[in-house]
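The values are calculated or read from the model by the stated rules, or taken from the named source; none is laboratory data. Computed from a prediction, not measured in an experiment: that's the story for all the values here. As a convention, Cβ positions derive from the backbone with ideal geometry for all residues, glycine included, and neighbour counts pool all protein chains shown. Note: areas computed on protein heavy atoms with side chains; ligands, DNA, RNA excluded. Shrake-Rupley method; radii C 1.70, N 1.55, O 1.52, S 1.80 Å.
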Amino acid sequence: MSRTTAAADAFPPGDWEELVTTAMLGTDRRAPAGAGPSPGGPSALLDAAAAATVRRRAGLRPARAAERPEPAPADPRPVLPAAAVRRLATLLTDRPGTSGGGRRGTAPDLMELLPQWLAAANARGFAPPPAVLPALLDAARGRTDLRPAGLRFAGPRALWLARLNPDWRFALRAVPGGAPELSPQDGDGVRRLWQEGLFAERVALLTALRSREPAAARELLAATWSTERAEDRLMFLDSLRDGIGPDDETFLEQALADRSRTVRATAAELLSALPGSALAQRMAVRAGACVAVDRTRDIPAITVEAPHECDAGMERDGVVAKAPAGRGERSWWFGQLVESAPLGSWSRRLGGRTPREIVALPVADGWQSELHAAWCRAAVRQRDAAWSRALLGEPSAPEAGGPGAVSLAERAQLLGLLASAERAEWVAGFIEKHGLSEAFQLLGVCAVPWAAPVGRAVVDALNIARDAGSYPWSFSGVMGLAERCLDPSEAARLDALLAVPDEPEDASPGAGSYWSEAFQRLVSTLRLRASMLAELTPPAP
């Protein structure tokens, strides 16, 4: 009898748990069943485990065969050119280098170029080869900024894969196509999915339906509104933001009485974006009662009398009564009233003045910052370009950003309301006057590739910083943006900056070589981007 057969006889088939317990305790503390303590105990235990494993596997009955999945849908788009396929594979396999300060070398950062490559491929209507879809989904899983363009490029086959692999389920939540394709005319199918689907499927369904049939989406939401959880109501309500119109007012007015404070606040915000809504008119009356023009002064000035209380009507209309720590209650209430009032009402209230004339008026008693900041939020909410221009002021104004902008973030939001050409001219003027130290957020809202005025202003400002003898690390953020956003045709104009400059006596040691290296990386990245675009452009027949 072999040793394995003897060990198997010592452990009947039903004693798998006994084997596990003995292994966990150790054969020194617990002798194997049917054998006393001996030096061969560990070997006997392992032999018995091997034999029991064979028995367990041999005794398994085959499970019922799973249904074969439906074939992946066809992708009718043209396939990428071969050179572009190779480039995409390189971009997807690149790994970011060491972060932080110090030298980055002259090699382009390929991972930062992937979003731009995806945008270009989508603009040209290409489909990816199936072999790259897993790597593309993995990249989108790790970087949320890649998901919109990445999943659009991946197409319907990515959703097919996402239903088979739990690691890629984010794709079903991230795009409207994650929900089954249902026609608005398929009323029963839409209602069934809305009532029985997973939350992500319901959000995708509502978003897709809203883009095609706004009224049908709103009615679908209203049918189950009272039974939804507060956090779900908030997400569903936010889906009405795109394409909001007067027809949504009745539903949003009802949401003002919601039991959730955040839902009420969101409904009020959406209503205030409709200048003709009843809520906006109520806010106009309240805000107008707080602001007037004092004509008794030598120069007319705006005076402010902030509300002394937050009554029930104000709270119902979305005004949050409790001020944040360090903020005065009256100024807190006042700001909320002004940002929710229609901007068109101020011309009537303040003597028929234009937005630019209103913003230019002095504001008494230190209320200018609060008033202008609220007007900034109102301009962004109501997407009013005229008020945006007035609040931005001239880019060359002594105070960076103009009379009404109180923060870089607000300036960037106001710029987003202007046409791309006007936006570029304003940002270029700002850089020429104030330099690059405050321009990073403003550059982020400029169309890519940057228009010629922005590109020239950035390169000139970097050149001035180089000549000043400082290290380039202070401008690493702007330099990174330039690598991704400068027009590739600017590469030839930058050749003159590649040489190591003569360093002035008061320059930082070695700064010239660091700048040369940074400009070499910029030029090589621009040329790589030009090659990427050329690879995505098939030759003319």
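The table below gives the values:
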{"quantity": "Accessible surface of the chain, 1.4 Å probe, proportion on carbon and sulfur as whole %", "calculated": "54"}
{"quantity": "For the chain, with +1 on Lys and Arg beta carbons and -1 on Asp and Glu, the positive-most of 153, 60, 471 along the dipole", "calculated": "60"}
{"quantity": "Student exercise, the stretch 295-379 dipole from Lys, Arg, Asp, Glu Cβ charges, in Debye to nearest 20", "calculated": "300"}
{"quantity": "Cβ crowding within 10 Å averaged over residues, with 57-64, 268-275 ranked highest first", "calculated": "268-275, 57-64"}
{"quantity": "Helix-derived mean residue ellipticity, 222 nm - over the chain, DSSP H n ≥ 4, -39500 (n - 2.57), to 500", "calculated": "-16500 deg cm²/dmol"}
{"quantity": "Charged-residue dipole, Cβ positions (Lys, Arg, Asp, Glu), the chain about Cα centre, Debye nearest 20", "calculated": "1420"}
{"quantity": "Label selected from (i) 70, 54, 53; (ii) 117, 70, 62; (iii) 67, 51, 49, the criterion being Cα extents along the principal axes in Å as computed here", "calculated": "(ii)"}
{"quantity": "Relative contact order of the chain, defined on C-alpha pairs under 8 angstrom at six or more residues apart (%)", "calculated": "10"}
{"quantity": "Probe 1.4 Å, accessible area per residue of the chain, Å²", "calculated": "51"}
{"quantity": "The stretch 428-538: C-alpha gyration tensor shape, a/c 1.5 cut-off, then a/b vs b/c", "calculated": "oblate"}
{"quantity": "Sites residue 43 and residue 67, calculated FRET efficiency, Cβ-Cβ separation with R0 60 Å, nearest 0.05", "calculated": "0.85"}
{"quantity": "Whether the stretch 433-482 is rounded, prolate or oblate, judged on the alpha carbon gyration tensor where a/c under 1.5 counts as rounded", "calculated": "prolate"}
{"quantity": "Rounded to the nearest 20 debye, dipole of the stretch 185-310 from Cβ charges on Lys, Arg, Asp, Glu", "calculated": "180"}
{"quantity": "Shape of the stretch 222-367, Cα gyration tensor, a/c cut at 1.5", "calculated": "prolate"}
{"quantity": "Inter-site label distance for residue 138 and residue 533 at 7 Å from Cα along Cβ, in nm", "calculated": "3.1"}
{"quantity": "Protection-proxy order for peptides 203-212, 140-149, each taking the mean of Cβ atoms within 10 Å per residue, highest first", "calculated": "203-212, 140-149"}
{"quantity": "Selection from 449, 407, 462 lying farthest towards where the dipole of the stretch 351-474 points positive, charges on Cβ", "calculated": "449"}
{"quantity": "Cα lying deepest toward the dipole's positive end in the chain, options 418, 215, 308, charges on Cβ", "calculated": "215"}
{"quantity": "Net lengthening on full extension, residue 441/residue 196 (0.36 nm per residue, minus Cα-Cα)", "calculated": "83.9 nm"}
